[in-house]
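**Student:** Supplied in structure tokens, the structure appears directly below.
The values are calculated or read from the model by the stated rules, or taken from the named source; none is laboratory data. What you are looking at is a predicted structure, and each value in this text was computed from that prediction instead of being measured. Glycine also receives a Cβ, built like all others from the backbone with ideal geometry; neighbour counts cover every protein chain displayed. What goes into the accessible areas is simple: the full protein's heavy atoms, side chains included, and nothing from ligands, DNA or RNA. Shrake-Rupley method; radii C 1.70, N 1.55, O 1.52, S 1.80 Å.
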Amino acid sequence: VAQGAIPSGINLTKISAGDTHTCALGSDYKAYCWGQGLYGQLGNGSVYERDSPVAVAQGAIPSGINLTKISAGFACTCALGSNGKAYCWGYNRNGQLGNNTTTDSSTPVAVASGAIPNGVNLTQISIGTYCVCAIGSNGKGYCWGSNWFGQLGNNSTSNSSVPVAVA
């Protein structure tokens, strides 16, 4: 992978390949993405393709929060912060950014709490084609986005633009 916007001396610690793009976390706890950016999935505020890493913009990630996990999916990306919250960017037609909208975003947005109880931190995150699921510190699953085939696991087939509890 070319150096691109990754600062000198920063090592990549985690990586996730999506459908059209790839994102990685650096040893500086920041995210870097490359590939197709048509829906904002690179998180750098643009919708252009990049053939080397670009830095993901701060967006709604609070100052001082480090990114600890990252997952790239179909034209969107989500990351977990050191505060136990999720932040997503990119394609959002099915609510997979989790911010109670269906509007794409080229910078990180905060995932709404939805059915995640107060005091529960997210510890793992994974993106599918049009949905996202996370595991809470309470050992429960929470998902959002497309639910055409029941992939949110909440005994429904209705999409959700905020996290729902897995039944």
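**Student:** Roughly how many Å² is the accessible area per residue of the chain, as a whole number, for a 1.4 Å probe? Don't skip to the answer; put the middle values down first.
**Tutor:** Working: 7420 Å² over 167 residues.
For the chain, the per-residue accessible area is 44 Å².
**Student:** Sticking with this structure for a sec: Rounded, prolate or oblate: which fits segment 1-148 when a ≥ b ≥ c are the square roots of the eigenvalues of the alpha-carbon gyration tensor, with rounded for a/c under 1.5 and prolate only if a/b beats b/c? Write out the running numbers ahead of the final one.
**Tutor:** Numbers: a/c = 1.85, a/b = 1.30, b/c = 1.43.
Oblate shape, in that a/c is at least 1.5 and b/c is the bigger or equal ratio.
**Student:** Sticking with this structure for a sec: For segment 140-147, just list the computed ³J(HN,Hα) in residue order, Karplus coefficients 6.51, -1.76 and 1.60, θ = phi - 60°, integers in Hz, with x standing in for Gly and Pro.
**Tutor:** Residue by residue, segment 140-147 yields 9, x, 9, 9, 8, x, 5, 9 Hz.
**Student:** Between residue 138 and residue 66, with labels modelled 7 Å along Cα→Cβ, what's the label distance in nm to one decimal, could you check?
**Tutor:** 2.7 nm
**Student:** Show me, for segment 56-71, the HN-Hα J-couplings you get by feeding each phi into the Karplus relation (A = 6.51, B = -1.76, C = 1.60, θ = phi - 60°), rounded to Hz, glycine and proline as x.
**Tutor:** 6, 5, 4, x, 8, 6, x, 4, x, 8, 8, 8, 10, 9, 8, 9
**Student:** Follow-up question, since we're still on this one. Once the Cβ-Cβ distance between residue 13 and residue 58 is put in as r, and R0 is 22 Å, what FRET efficiency do you end up with, to the nearest 0.05?
**Tutor:** Approximately 0.70, to the nearest 0.05.
**Student:** Once amide H atoms are placed 1.01 Å from N in the peptide plane, what residues at a sequence separation of 5 or more from residue 14, or on another chain, have their amide H within under 5 Å of its amide H?
**Tutor:** HN-HN under 5 Å from residue 14: 25.
**Student:** Looking at segment 27-74, which chymotrypsin sites (Phe, Trp or Tyr not before Pro) are in a loop (DSSP not H, G, I, E or B) and have at most 16 other Cβ atoms within 10 Å? Show your work: numbers first, answer last.
**Tutor:** Details: sites: 29, 32, 34, 39, 48, 74; in loops: 29, 39, 48, 74.
Passing sites in segment 27-74 are 29, 48.
**Student:** Quote the FRET efficiency, to the nearest 0.05, computed for residue 121 versus residue 48 with a Förster distance R0 of 30 Å and r equal to the Cβ-Cβ distance. Don't skip to the answer; put the middle values down first.
**Tutor:** On the way: r = 34 Å, r/R0 = 1.14.
Computed FRET efficiency for residue 121 and residue 48: 0.30.
**Student:** Follow-up. Given an 8 Å cut-off on Cα distances and at least 6 residues of separation, report the relative contact order of segment 1-145 as a percent. Walk me through the numbers on the way to the answer.
**Tutor:** Values: 420 pairs, mean separation 27.5, N = 145.
Reported relative contact order: 19 percent.
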